[in-house]
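Q: Starting off with a structure, shown below.
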Amino acid sequence: MRLFRSVCLLLCVAALPACATRAPGLSGAAVPVADAPRSEAETLAFAASSDDERSLFPLSHSFLPARRSSLAGRTLSVASIEDIDLADGEVVITFDDGPMPEKTPKILDALAEAGVGATFLMVGQMASAHPEIARQVAAGGHTVGTHTERHPNLRTMSFEAALAEIRRGEASVAKALGEPPAPFFRFPYLADTKALRARLATEAMVPLDVDIDSKDYFRDAPDTVMARTLGVLQAKRKGIILFHDIQARTAALLPDFLKELDRLGFKVVDLKPADEVRLASR
């Protein structure tokens, strides 16, 4: 009997390493040992399949936080301005000119609380000055585009100088993020030219226009800005909304604004580059 017990004990000890690699209750489902090294593809929920695909878009942007709220709408895959085709009751929320300490983080908190995404068009100099906030925006799953390097009126510049200003802005935002921004661009003061729009189109850059201007740059109380924006939105019923994340009044009004959008039955649409959506969906 003692010999039998000894043999059983030895068999159990020998079986422990194999048991450690099996999920309890499953006869053949192997799982990694807790301290076993993992490859990047095993650790991440998604990995691009080639170096070429990795260069198409910022890989980290494919791991977007789940948007589960009554206010969150669909995600639009955007390769050209024509792709931004909104239905009645759909809005896109955009913020220009940041990032800005205190104000941008408050805006991010409001968006997270409402469970919606937004598009931030960053000025290169601002992103360079506050790279940690720029990365915080991207880490929240929001789309980051560009808004030139210094926010000049491009209509007052030569074609080549204006193009260089746009390029510098892209480079500064990319450096701040540690990865390329989305190919979305907004003209400062909405001062575009046909020549610049045509050139950007050849480079797969999408200029984002504005349907509802909050005019939050006016020295109005937050309630006034909110009422004005909602008034225009209810008349138009859909569109791209322009805010500025450098304005304290915008950070103050945003939580109530989002609640009112939800109460009125609007949906906030996320804009994402077409290549990013294509690869993340695989």
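Q: For a footprinting-style exposure proxy, rank GLU113, GLU203 by other Cβ within 10 Å, fewest first.
A: Placing the least packed residue first, the sequence is GLU203, GLU113.
Q: Still on this model: Within a Cβ distance under 13 Å of THR148, other residues only, what is the Lys/Arg minus Asp/Glu net charge?
A: Net charge around THR148: -1.
Q: Summing +1 for each Lys or Arg and -1 for each Asp or Glu, what net charge is found among the other residues whose Cβ lies under 12 Å from the Cβ of GLU160?
A: +1
Q: Filter LYS106/LYS175; LYS175/LYS238; LYS106/LYS194 down to the pairs with a C-alpha to C-alpha distance above 32 Å, please.
A: From the list (LYS106/LYS175; LYS175/LYS238; LYS106/LYS194), the Cα-Cα distance tops 32 Å for LYS175/LYS238; LYS106/LYS194.
Q: Here's another thing I want to ask about it. If I model a spin label as a point 7 Å beyond the Cα along the Cα-Cβ vector, how far apart are those points for ARG68 and ALA171 in nm?
A: Placing both labels 7 Å beyond Cα along the Cβ direction yields 4.4 nm.
Q: Please rank SER70, SER214, fewest neighbouring Cβ atoms within 10 Å first, as an exposure proxy.
A: By the 10 Å Cβ count, ascending: SER70, SER214.
Q: Which residues in region 139-168 place their backbone N less than 15 Å from a point set 7 Å from the Cα of ARG197 along the Cα-to-Cβ direction?
A: 154-155
Q: Here is a further query. To make sure I understand, if each residue's beta carbon is the centre and we count other beta carbons within 10 Å, what order do LYS103, LYS175, LYS194 fall in, fewest to most?
A: LYS194, LYS175, LYS103
Q: Also, quick follow-up: Any lysines with Cα under 21 Å of the LYS103 Cα? List them, leaving off those in the same chain fewer than 8 positions away.
A: Those lysines meeting the cut-off are LYS215, LYS259.
Q: Check the straight Cα-Cα distances from LYS272 and name the aspartates and glutamates below 12 Å, setting aside those fewer than 8 residues away within the same chain.
A: ASP83
Q: Same structure again: Once you have a ≥ b ≥ c as the square roots of the Cα gyration tensor eigenvalues for region 71-177, tell me rounded if a/c is under 1.5, and otherwise prolate or oblate according to whether a/b is larger than b/c.
A: oblate
Q: Oh, and also: Report the local net charge at LEU254: Lys and Arg +1, Asp and Glu -1, summed over other residues whose C-beta lies under 13 Å from its C-beta.
A: Net of charged neighbours comes to -4.
Read-outs throughout are calculated quantities, based only on the coordinates presented, and are distinct from any laboratory measurement. Note that this is a predicted model, so its numbers are computed, not measured. Note that each Cβ is placed from the backbone with ideal geometry, even for glycine, and that neighbours are counted across all protein chains shown.
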